[in-house]
Amino acid sequence: MDTQMENRWTKRVTLITIIILVLVLGLFFSNTFIKSSEEINKSTPQFDEKVFNLNIQPVMGELNAPIKVVEFADFNCSHCADFKKTDFQIIKNKYIDSGKVAFYFLNYPVMGEDSELAAKVSEEIFGKYGNKAFWIYYNVVLENYDQEKTFDLLSLINIAKENIPDFNQNELIKLLYNNNCTDSLNLDKEIGKSVGVNGVPKFFVNGEMVQQWPQLISILENKLKGENHD
């Protein structure tokens, strides 16, 4: 009888010990997981829209889209025109129009005086005629890019006259003459330099630089898979 009681007592002590051990281990691993998650969150850089001044940039798509794409481009750049004529249309149809991507544009002219002029005209059109007019200009200028000749003021004015409602060429010339857009264009350039733009077109997806623009679509796919998984 004493032996049976002793065995029962031993079993109870063993069971209690196991339960305590499980609870202690569970608490340990739980705290470790929480600390690891906190460390990951601290080490993962958060996308700061203020770095790119997105609130004052031309944008295509829903402002609350989960993915923000920022393009730095030159209207007299052949690669920028190639992107517009190929991958941009895919991105627009598949991601922008569906509300998954907000697509922003910043001027980064690198090809000389004609590039500066095309950028200034785009800034004036955006400032005077608004976001929709800017994207009309963006589409038409890059679609009509010709490597054999750059855009001069007359050709840019003609593009605007033919495609932008209520466009006033005399007003545009006056604005350009008074350097009205100098500050906004210089700001785009400063932002580009600060984030490491060293050529165009250059893209950022939620603040992360895309090294080669043909990678952009696959990067968007991976980002959106991550969003859906979360």
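Here is a list: 186, 179. Which entry is out of contact with any helix residue (DSSP H, G or I) (no Cβ under 8 Å at 6 or more places or on another chain) and modelled with pLDDT of 95 or more? First the steps, then the outcome.
Details: 179 fails: modelled with pLDDT of 95 or more.
Answer to the selection: 186.
Among the residues of segment 99-127, write down those that are modelled with pLDDT under 95 and either of a type in the set (Phe, Trp, Tyr) or touching a Cys at 6+ places or on another chain (Cβ under 9 Å) (or both).
Of everything in segment 99-127, just one residue is modelled with pLDDT under 95 and either of a type in the set (Phe, Trp, Tyr) or touching a Cys at 6+ places or on another chain (Cβ under 9 Å) (or both), namely 111.
Listed residues 204, 167; which is under 29 Å from the mean Cα position of the chain (by Cα) and among the aromatic types (Phe, Trp, Tyr)? Please lay out each step first, then the result.
Values: 167 fails: under 29 Å from the mean Cα position of the chain (by Cα).
Exactly one residue qualifies, and that residue is 204.
Among the listed residues 179, 198, 186, identify the single one that is part of a helix (DSSP H, G or I), assigned by TED's automatic domain parsing to the domain that holds residue 126 and either exposed (fewer than 15 other Cβ atoms within 10 Å of the Cβ) or touching a residue at least 60 places away in the same chain (Cβ under 8 Å) (or both).
Numbers: 179 fails: part of a helix (DSSP H, G or I); 198 fails: part of a helix (DSSP H, G or I).
Sole residue among the options that is part of a helix (DSSP H, G or I), assigned by TED's automatic domain parsing to the domain that holds residue 126 and either exposed (fewer than 15 other Cβ atoms within 10 Å of the Cβ) or touching a residue at least 60 places away in the same chain (Cβ under 8 Å) (or both): 186.
For residue 42, which of the numbered conditions (1) surrounded by 10 or more Cβ atoms within 10 Å (Cβ to Cβ); (2) at pLDDT below 55; (3) under 21 Å from residue 205 (Cα atoms); (4) of a type in the set (Lys, Arg) fails to hold?
(1)
Which count do you get for residues in segment 157-176 that are part of a loop (DSSP other than H, G, I, E, B) and among the charged types (D, E, K, R)? If you could, list the steps in order and put the result at the bottom.
Initial filter on segment 157-176 (part of a loop (DSSP other than H, G, I, E, B)): 164-168.
Going one step further and asking which of them are among the charged types (D, E, K, R), we end up with 166.
Final tally of qualifying residues: 1.
Quick check: is even one residue across segment 75-83 among the acidic types (Asp, Glu), closer than 20 Å to residue 146 by Cβ, modelled with pLDDT of 95 or more and assigned by TED's automatic domain parsing to the domain that holds residue 206?
Filtering segment 75-83 down to residues among the acidic types (Asp, Glu) leaves 82.
Remaining after also requiring closer than 20 Å to residue 146 by Cβ: 82.
In the following step, the residues that additionally are modelled with pLDDT of 95 or more were identified as 82.
Within this subset, residues satisfying the condition of being assigned by TED's automatic domain parsing to the domain that holds residue 206 are 82.
Within segment 75-83, one or more residues are among the acidic types (Asp, Glu), closer than 20 Å to residue 146 by Cβ, modelled with pLDDT of 95 or more and assigned by TED's automatic domain parsing to the domain that holds residue 206.
The values are calculated or read from the model by the stated rules, or taken from the named source; none is laboratory data. Just so it is clear, the structure is predicted and the values come from calculations on it, not from any experiment. Ideal geometry is used to build each Cβ from the backbone, glycine not excepted, and the neighbour counts take in all protein chains shown.
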